[in-house]
Amino acid sequence: MSITILSNPYYFMRFASIAQPVCCVLCVCFFITGTYIGLYNSPADYQQGEMVRIMYVHVPAASLSLGFYTFIAISSLIYFFWRHKLADLAAASAAPIGAVVTLIALITGALWGKPTWGTAWVWDARLTSTLLLLFIYAGYIALRHYIDHEEKAARIASLFAMIGFINIPIIKFSVEWWNTLHQPASLLRLTGPSIATEMLIPLILMMIGLVFFFATVVIMSMQTEIMKQSIKRYSAL
Amino acid sequence: MLHSFFYVMWYDIRSYITNLSTLATVCLFYLSIIIVIPFGLDGNSTVISQSSTGFIWIAFVLCALLCIEKQFSQDIHTDILDILSLRYSLALICFSKAIAVWVAILLPLILFTPLSAILLHLPFSQLYPLLISLLVGSPAIAFIITLGGALSLTHNRGSLLVAILCLPLCIPVLIFGVTAASVSIYGYDNNTSGLKLLFALDLLAVALLPWASGEILRIELENK
């Protein structure tokens with residue numbers, strides 16, 4: 001049995017009824033342990049003091065805002081070429097979460113930047129490109145809402161999501177291409193993370209928690225959408 | 001295939017030339033942005049000349065976005081797209097439309113650049129890299145405009161949304177264009193990485209965007 005069986009709504013609903021609570025429980029567990037270790041059981045930074053704990057929200061949100069967009073782009077690709085309706089549903093339900101996570105990354109970044117850099121916002125390459133990512137998310141959501149015809153909206157939005165993917169490598173490598181204020185990557189890089197293990201553990205926990213949160217909400221909203229469409233079909237009979 | 005390519009391109013260029021209103025609007029808007037900028041900077045000539053490459057690039061991109069609506073507005077009323085799509089691929093039509101807008105609108109805009117460089121006190125030595133960067137970067141922008149034109153057909157609520165959708169796509173071109181244009185300011189003349197990245201964006205745009213705009217047109221024609 002392969003994963004493609006999930007493209008059948010019936011099997012997907014069966015899978016979702018199990019996967020959704022599991023993801024939900026895992027999300028809560030990871031978030032609680034991650035928050036606890038991050039707030040009480042991890043060392044303060046020798047320069048930034050307690051302020052470094054913003055990292056446990058900021059870094060997962062920022063890196064997963066890219067991850068979620070990649071998810072949208074891949075599901076759009078699957079929808080566009082193989083017309084799996086569920087892939088489109090997945091992309092559509094992931095977009096608002098991705099936008100909110102990007103917003104969280106920007107806001108926590110501003111809160112963190114004010115005391116450490118002395119400014120909440122600079123025209124730094126990574127900040128600007130992350131703001132652009134927010135605009136692309138917003139454009140994607142707006143495009144879906146603006147076009148009345150449902151299938152047309154889905155296909156055009158999936159094309160737009162694939163083209164917007166060009167911004168992702170730009171954000172990822174912006175800190176290496178332009179030496180501006182934002183620090184270079186210290187987590188996902190070829191030579192391994194350059195961050196102390198005590199800080200790495202809560203960071204990873206929060207990141208996994210956020211992934212499970214994403215999975216929970218996406219599965220939930222896909223379930224809702226499938227039920228909505230089956231209600232529509234039955235009431236049309 | 002080549003015949004249809006040249007036919008669509010020539011048809012578009014001719015319609016841009018016989019009806020000069022688009023070109024005139026775009027050029028006037030370009031010049032008015034350039035004229036307004038010094039007022040915003042309080043006439044501080046050192047600041048103006050230092051940042052003039054950036055301003056010229058921004059004015060260029062904004063003016064290019066003005067042509068989005070014009071891209072397909074004539075074809076959608078006549079059924080020429082339906083007829084052409086019977087024989088030729090829509091990607092090819094979009095490709096030739098992009099080339100047409102590049103020749104008829106963006107090239108004249110680039111020709112205006114020396115004038116705007118004088119207005120913004122751009123040092124003469126920097127004019128040459130600026131022109132080269134605009135020349136290299138503008139094809140990618142032409143393809144983005146064509147994509148926006150195709151997107152603007154999909155709904156009838158004005159082109160404002162489309163400008164918002166297209167602006168993020170133009171940002172990489174803007175970033176590398178300004179990098180390529182300002183190499184001589186920072187003194188490393190041998191550094192052509194900005195230009196190379198602009199070329200890379202051009203190639204990416206040629207490979208991807210005509211196909212994408214053609215697909216959007218196809219969806220549009222199917223659900224008309």
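Assorted remarks:
- Residues considered: B:Ala98, B:Ala180, B:Ala150, B:Ala142. Of these, the only one that is within 14 Å of another protein chain (Cβ to nearest Cβ), among the aliphatic types (A, V, I, L, M) and closer than 24 Å to B:Ile219 by Cα is B:Ala150.
- Every residue from the range A:146-172 that is more than 9 Å from chain B (Cβ to nearest Cβ), farther than 15 Å from A:Thr102 by Cβ and crowded, with 19+ Cβ neighbours inside 10 Å: A:Ala154, A:Ala157, A:Ser158
- Taken over the range B:53-85, the criterion of being among the hydroxyl-bearing types (Ser, Thr, Tyr) and over 19 Å from the mean Cα position of the chain (by Cα) is satisfied by B:Thr78, B:Ser85.
- Which numbered condition B:Ile219 fails, given (1) more than 9 Å from every other protein chain (Cβ to nearest Cβ); (2) at pLDDT below 90: (1)
- Among the residues making up the range A:113-145, those that are away from chain B (no Cβ under 14 Å) and either of a type in the set (D, E, K, R) or in a helix (DSSP H, G or I) (or both) are A:Gly113, A:Lys114, A:Pro115, A:Thr116.
- In the range B:155-207, the residues that are acidic (Asp, Glu) and at pLDDT 70 or above: B:Asp202
- Matching residues, the range B:74-121, being basic (Lys, Arg) and closer than 14 Å to B:Pro139 by Cβ: B:Lys97
- The single condition from (1) touching a Leu at 6+ places or on another chain (Cβ under 9 Å); (2) assigned to a helix (DSSP H, G or I); (3) within 21 Å of B:Leu217 (Cβ to Cβ) that B:Pro108 fails is (3).
The values are calculated or read from the model by the stated rules, or taken from the named source; none is laboratory data. Since this is a predicted model, take the numbers as computed values, not measurements. When we count neighbours, we look across all protein chains shown, and the Cβ atoms used for this are built from the backbone with ideal geometry, even at glycine.
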